[in-house]
Amino acid sequence: MITVKSKGELKLMGDAGKLLAEVLDELEEYCRAGVTTNEIDRRADRLMRQRDCTPGFLGYNGFPKSLCISVNEEVVHGIPGSRVIKDGDLVSLDCGLVFKGLWADSGRTVMVGDVSPDARKLVEVTRRSLEAGIAQATPGNRVGDISAAVQKVVEAAGFSVVRNFVGHGIGRNMHEEPQVPNFGTPGTGPLLKPGYALAIEPMVNAGSHEVEMLPDRWTIITADGRLSAYFEHTVLITEEGPVVSTAA
């Protein structure tokens, strides 16, 4: 069942999103060569708690950290540790928090230092695909309209969307109905209504869409070892159109 949020819940989700945007802005500034992924995670945990928010990922289904950090060929769900960020890396930061019982979920790929032209193109296309998906998140459209818009932008650039992992509804739980794939057919899937809230999150690979899981049972990598990029926003569907709660 897809839950319709009340005006009060949407207001709180907007507040949660603003707080998460602040956290991610600070983390992006901190994400630079020489810093370990563990140091970024510790800062994320502190920044969320300073804002009276609960780090949503910590302990979620056993996840051991407060932030997912995925570098280069890592797609999503990377576990922070001793890895040192290097110049030229693509670093995907995925963060979720809970504020007064409501979730916000967002993320972005950070280009560290002097990245290659191909890497820069991958990041920009991924960002544009998210924007295209958000534009379709209006009442009367369907989930497939979001999915198809993301896919069109990605594949027109010669890249591929990950198919094993998808976006999702969000609210009092991080993962709610409906699922929001990054590929699909316009006019299909659940009808979008005011009061819905979605986490739209294109995961885009430079090469094949195929992925593998590392032995840690969390980190997802590209099967061909090529780069991946990721962007995510929590989007509230209103009568006036989509509202990005996690916009900076």
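Free of Cβ contacts under 8 Å to residues at least 12 places away in the same chain and either under 14 Å from the mean Cα position of the chain (by Cα) or surrounded by 16 or more Cβ atoms within 10 Å (Cβ to Cβ) (or both) - does that describe any residue in region 228-240? Within region 228-240, not a single residue is free of Cβ contacts under 8 Å to residues at least 12 places away in the same chain and either under 14 Å from the mean Cα position of the chain (by Cα) or surrounded by 16 or more Cβ atoms within 10 Å (Cβ to Cβ) (or both). Annotation note: of Asp41, Asp52, Asp118, the sole residue that is touching a Leu at 6+ places or on another chain (Cβ under 9 Å), more than 20 Å from Pro202 (Cα to Cα) and surrounded by fewer than 19 Cβ atoms within 10 Å (Cβ to Cβ) is Asp52. On the basis of being in a strand (DSSP E or B) and either touching a residue at least 12 places away in the same chain (Cβ under 8 Å) or buried (at least 19 other Cβ atoms within 10 Å of the Cβ) (or both), does Thr138 make the cut? It is false that Thr138 is in a strand (DSSP E or B) and either touching a residue at least 12 places away in the same chain (Cβ under 8 Å) or buried (at least 19 other Cβ atoms within 10 Å of the Cβ) (or both). Taking the listed residues Ser147, Ser129, the one that is small (Gly, Ala, Ser), under 22 Å from Ala21 (Cβ atoms) and either in a helix (DSSP H, G or I) or in contact with a Lys or Arg (Cβ under 8 Å, 6 or more places away or on another chain) (or both) is Ser129, with no other qualifying. You will find that of Asp145, Asp94, Asp89, the residue that is open to solvent by less than 20 Å² (accessible area, probe 1.4 Å), closer than 23 Å to Lys5 by Cβ and charged (D, E, K, R) is Asp94 and no other. Being buried (at least 20 other Cβ atoms within 10 Å of the Cβ), at pLDDT 95 or above and of a type in the set (A, V, I, L, M, F, W, C) is the requirement here; does Ala197 meet it? Yes: the conditions hold for Ala197. Can you confirm whether Lys5 is open to solvent by 60 Å² or more (accessible area, probe 1.4 Å), over 18 Å from the mean Cα position of the chain (by Cα) and under 28 Å from Leu191 (Cα atoms)? When the stated conditions are applied, Lys5 does not pass them.
Tallying residues that are part of a loop (DSSP other than H, G, I, E, B) and on the phi < 0 side of the Ramachandran plot within region 188-243 yields 25. Applying the set (1) free of Cβ contacts under 8 Å to residues at least 60 places away in the same chain; (2) in a helix (DSSP H, G or I); (3) touching a strand residue (DSSP E or B) at 6+ places or on another chain (Cβ under 8 Å) to Lys121 leaves exactly one unmet item: (3).
Pairing residues of region 38-50 that are under 13 Å from Val98 (Cα atoms) and without any contact (Cβ under 8 Å) to a residue 24 or more places away in the chain with residues that are of a type outside the set (Lys, Arg) and open to solvent by less than 100 Å² (accessible area, probe 1.4 Å), at Cβ distances under 8 Å and at least 6 apart in sequence or on separate chains, gives Asp45/Pro55; Asp45/Leu58; Asp45/Ser66; Asp45/Leu67; Arg49/Pro55.
Kindly evaluate Glu155 against the criterion of being in a strand (DSSP E or B), of a type outside the set (A, V, I, L, M) and open to solvent by 40 Å² or more (accessible area, probe 1.4 Å). It is false that Glu155 is in a strand (DSSP E or B), of a type outside the set (A, V, I, L, M) and open to solvent by 40 Å² or more (accessible area, probe 1.4 Å). Only one of the listed residues (Ser66, Ser92) is more than 13 Å from the chain's Cα centre (by Cα), modelled with pLDDT of 95 or more and not basic (Lys, Arg). That residue is Ser66. Being in contact (Cβ under 8 Å) with a residue 12 or more places away in the chain, in a loop (DSSP other than H, G, I, E, B) and either farther than 17 Å from Val166 by Cα or acidic (Asp, Glu) (or both) holds for only one residue in Asp94, Asp114, and it is Asp114.
The values are calculated or read from the model by the stated rules, or taken from the named source; none is laboratory data. Because the structure is predicted, anything quoted here is derived from the model rather than measured. Cβ atoms come from the backbone with ideal geometry, glycine included; neighbour counts cover every protein chain shown. Surface accessibility is based on the protein's heavy atoms, side chains included, excluding ligands, DNA and RNA. Shrake-Rupley method; radii C 1.70, N 1.55, O 1.52, S 1.80 Å.
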